[in-house]
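The structure appears right after this line, and notes come after that.
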Amino acid sequence: MQKVRMIAQGRVQGVGFRWGVYSLALQIGGITGRVWNNDDGTVEILAQAESSALMAKFIQEIRKGPTPFSKVSYLDVTMANFDAYTDFKIAN
């Protein structure tokens with residue numbers, strides 16, 4: 001199981017970014033986790049996948065910006081250790 005923590009910076013709040021990440025996780029399939037807005041204007045994502053190829057695709061698509069109006073200027077991706085999720089949800 002590959003688990004990562006991502007923090008997206010740029011135009012990522014107020015542009016449907018979290019919904020785009022959620023939709024992307026469902027579209028790719030096999031991705032579970034959480035996404036939420038941070039008070040500093042960033043968006044944080046905890047994601048896990050059985051396959052490193054699935055995770056690489058997910059990260060690649062997030063870097064592109066999951067919605068037409070979003071623009072990711074920087075994406076910090078680190079390996080993480082968190083309790084397993086069984087689904088993907090938008091958290092607050």
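The values are calculated or read from the model by the stated rules, or taken from the named source; none is laboratory data. Quick caveat: nothing in here was measured; it's all calculated off a predicted structure. Quick reminder, even Gly has a Cβ in these numbers, built from the backbone with ideal geometry, and neighbours come from all protein chains shown. Ligands, DNA and RNA are stripped out before the accessible areas are found, and what is left, the full protein with its side chains, is counted by its heavy atoms. Shrake-Rupley method; radii C 1.70, N 1.55, O 1.52, S 1.80 Å.
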Taking interchain pairs and intrachain pairs at least six residues apart, which have beta carbon atoms under 9 angstrom, with the first residue in the stretch 2-14 and free of Cβ contacts under 8 Å to residues at least 40 places away in the same chain and the second assigned to a strand (DSSP E or B) and surrounded by fewer than 18 Cβ atoms within 10 Å (Cβ to Cβ)?
Gln13/Asn37
Can you tell me which residue is most open to solvent (accessible area, probe 1.4 Å) among those in the stretch 70-91 that are in a strand (DSSP E or B), in contact with a Gly (Cβ under 8 Å, 6 or more places away or on another chain) and not basic (Lys, Arg)?
Tyr74
Taking the stretch 39-69 and keeping only residues that are in contact with a strand residue (DSSP E or B) (Cβ under 6 Å, 6 or more places away or on another chain), surrounded by 12 or more Cβ atoms within 10 Å (Cβ to Cβ) and among the hydroxyl-bearing types (Ser, Thr, Tyr), one is left with Thr42
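So which residues in the stretch 15-38 are of a type in the set (S, T, N, Q) and open to solvent by less than 40 Å² (accessible area, probe 1.4 Å)?
Thr32, Asn38
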Residue check: is Arg11 basic (Lys, Arg), within 16 Å of Lys71 (Cβ to Cβ) and surrounded by fewer than 20 Cβ atoms within 10 Å (Cβ to Cβ)?
yes
